[in-house]
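Accompanying notes for the structure given below.
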Amino acid sequence: MYESTRGNLYGQTAAQAITLGMVPGGGLFVPSTFPNLNWKDLQGLTYRDVAKRVMMPYLADFAEESLSEIVNVYSDGRFDREDPAPLVSLGRFGVLELWHGPTAAFKDMALQVLPDLMKVSLEQFDREEDVLILVATSGDTGKAALEGFKNRKGMHIVVFYPDGGVSPVQERQMTTTEGSNTHVVAVVGGNFDQCQTAVKHIFASDSLKAKLQGRNLIFSSANSINWGRLLPQIVYYYWAYLQAVSQGKITSEGKMNVVVPTGNFGNLQAAYYAKVMGLPINRIICASNTNNVLADFFATGVYQSQRAFFQTISPSMDILVSSNFERFLYEMSGRNAEKIQSWYDASNQGTFTVDPTTLKACQDTVYAGWANEEETLETIARSYKAYQYVFDPHTAVAMKVYEDYLSATNDQTFTVIASTASPFKFSSNVIRALDGEQEASCKDEWEALERLNLFTGWRIPLGLQGLDSKIEKKAALCVPEGIAELIEKMFID
């Protein structure tokens, strides 16, 4: 069963939690209890079967046959290799490549599964309405969600992204999305946080929900606020550990560290849940870019989202309001819903200070650091020379923070770095780092794709090939304050 982080809803089934997306009165769904799962019981299984074993205890109201069909996405050819999440060993650490899906980003690992989880949930929940899925994206979630939900019967999806706040490749991926049920909106003069906040306000609007009901529509979300999006992400940490053992990097009783480049904290929260389930994870390392609100929190206990916002070369991490952090604080505070309510009270305006006991629990669980733009570019270049491996700017942030962690702790535990996107999604900045060129000479993103291919010998992901010649759908435009009005015009008026 599932409950709200704010103590305002309990006893919900998996189907209810996934269908609703987020708690109607505010808060996020979390499991009431966590299963124990010994990694040794998963040895020798395929990724598909590991996914089924990890997810099944959380989906008590799903038929086993349904879940068996759902996890077939990992073996039916939509990922570009038989192993959808290979661990590439680079010595004392490994890189978990999570970008072999159709949109070349880690979001595919969950968003190829979520549509079917939602379909079965609607059937279990006995809902006959169509679903209107609202998604705020800082870059990668948008295309992955559009790809997962396109042409799904009874489902409509609208993706909001900050105009000018995503890479040219990310934007073109979204605007060339096929599907009669897909809609893309560029939010002018806004950032991801404003997009996400507007979507949350829509979810909380009783009047808007009532109007949608009149059109036989209900809201849901494909962001990681939805438990059905977060659950599949737990799987690949088990998969990483299994690979590390099979590669001889970890003994049968050993632990691993995990480094996660993060903005909205969902990927890192999934690693924490894997640890709670019994996976031998030692330290979880949180890597931020110049928008280092999380690194500051772990140092001080103060969460301060009312601060300068920076557009960076790692745009998927350009986030100051990390939604899934609420789930983490719920666990670190001993599941104290009253504290969560007080910290996330709207009157706080995005700023709060946790108590010393909660802060210590956070610091004992997670090490946090950050990297600036210059350090990120230097890390891409240095790592390529050292390992002949190409990091995208997000994974490079993780690599730099891992190096800082090593210097600070000398912890020799085998470490897995979660690689969240193909470097080809950010070719201009990657080739700038590798070839030592000035930014002005790398402005043509499509030329940079080809140059990166020639420079490294790495293959351009299939989903990015010919992207510049595909027919675009014109994105609708609106300001952050106009998102709710736009939804009414699109689906109610």
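The values are calculated or read from the model by the stated rules, or taken from the named source; none is laboratory data. As the structure is a computational prediction, the values presented were derived from the model and not from experiment. Cβ atoms come from the backbone with ideal geometry, glycine included; neighbour counts cover every protein chain shown. In case anyone asks, the SASA skips ligands and DNA or RNA and just uses the protein heavy atoms, side chains included. Shrake-Rupley method; radii C 1.70, N 1.55, O 1.52, S 1.80 Å.
A few comments on the model shown:
- The shape of segment 358-422 comes out prolate: with a ≥ b ≥ c from the C-alpha gyration tensor, a/c is at least 1.5 and a/b beats b/c.
- Only Lys, Arg (+1) and Asp, Glu (-1) charged, at Cβ; the chain dipole about Cα centre in debye: 500 debye
- Range in the chain, longest, excluding exposed GluC sites (Glu not before Pro) [loop by DSSP; at most 16 other beta-carbon atoms within 10 Å]: 254-436
- At a probe radius of 1.4 angstrom, the accessible area of segment 64-206 per residue rounds to 33 square angstrom.
- Qualifying chymotrypsin sites (Phe, Trp or Tyr not before Pro) for segment 4-48 [loop in DSSP, other Cβ within 10 Å: at most 14]: TYR10
- Were the residues from SER75 through GLU378 laid out at 0.36 nm apart, the gain over their Cα-Cα distance would be 105.4 nm.
- Here segment 252-298 has 43 percent of its accessible surface on carbon and sulfur atoms, given a 1.4 Å probe and all protein chains in place.
- Extending 7 Å from the Cα toward the beta-carbon at both MET1 and ILE492 defines two label points whose distance is 3.3 nm.
- Helix-only arithmetic for the chain: the sum of -39500 (n - 2.57) across DSSP H runs with n ≥ 4, divided by the residue total, places the mean residue ellipticity at 222 nm at -12000 deg cm²/dmol.
- Each 20 Å bin from 0 upward holds the following percent of the Cα-Cα pairs of the chain: 25, 62, 14, 0.
- Between VAL479 and ARG307, the FRET efficiency from the beta-carbon distance, with R0 = 22 Å, is close to 0.50.
- Of LYS107/LYS200; LYS385/LYS425; LYS249/LYS385; LYS153/LYS425, pairs whose Cα-Cα distance is over 27 Å: LYS153/LYS425
- Sulfur and carbon atoms: percent of accessible area, segment 309-378 [1.4 Å]: 50 percent
- Protein accessible area in segment 59-136, 1.4 Å probe - carbon and sulfur %: 40 percent
- Average Cα contact separation per residue, segment 368-454, under 8 Å, 6 or more apart, as relative contact order %: 28 percent
- Computed from the Cβ-Cβ distance with R0 of 35 Å, the FRET efficiency linking ASN216 to GLU65 stands at 0.75.
- A dipole drawn for the chain from +1 and -1 charges on Cβ atoms has a positive end, and of HIS100, THR376, ASN36 the residue lying farthest that way is ASN36.
- Dipole of the chain, positive end: most advanced residue of VAL479, SER138, TRP446 [Cβ charges, Cα centre]: SER138
- A 1.4 Å probe run over segment 244-396, with the rest of the protein chains in place, finds 36 Å² accessible per residue.
- For the pair GLU472 and ASP126, the difference between a 0.36 nm per residue extended length and the Cα-Cα distance amounts to 120.9 nm.
- Cα shape, segment 351-493, gyration tensor, a/c 1.5 rule: oblate
- Under 14 Å from the Cα of LYS339 - aspartates and glutamates, other chains or at least 8 residues apart: GLU326, GLU331, ASP355
- Based on the Kirkwood approach, the hydrodynamic radius assigned to segment 273-398 is 15.9 Å, with every pair of different Cα atoms included.
- Rounded accessible area per residue of segment 409-493, 1.4 Å, Å²: 51 Å²
- Relative contact order, percent, the chain [alpha-carbon distance under 8 Å, six or more residues apart]: 19 percent
- Too-long pairs where the Cα-Cα distance tops 18 Å, listed order kept, from LYS150/LYS473; LYS40/LYS275; LYS119/LYS489; LYS40/LYS255: LYS119/LYS489
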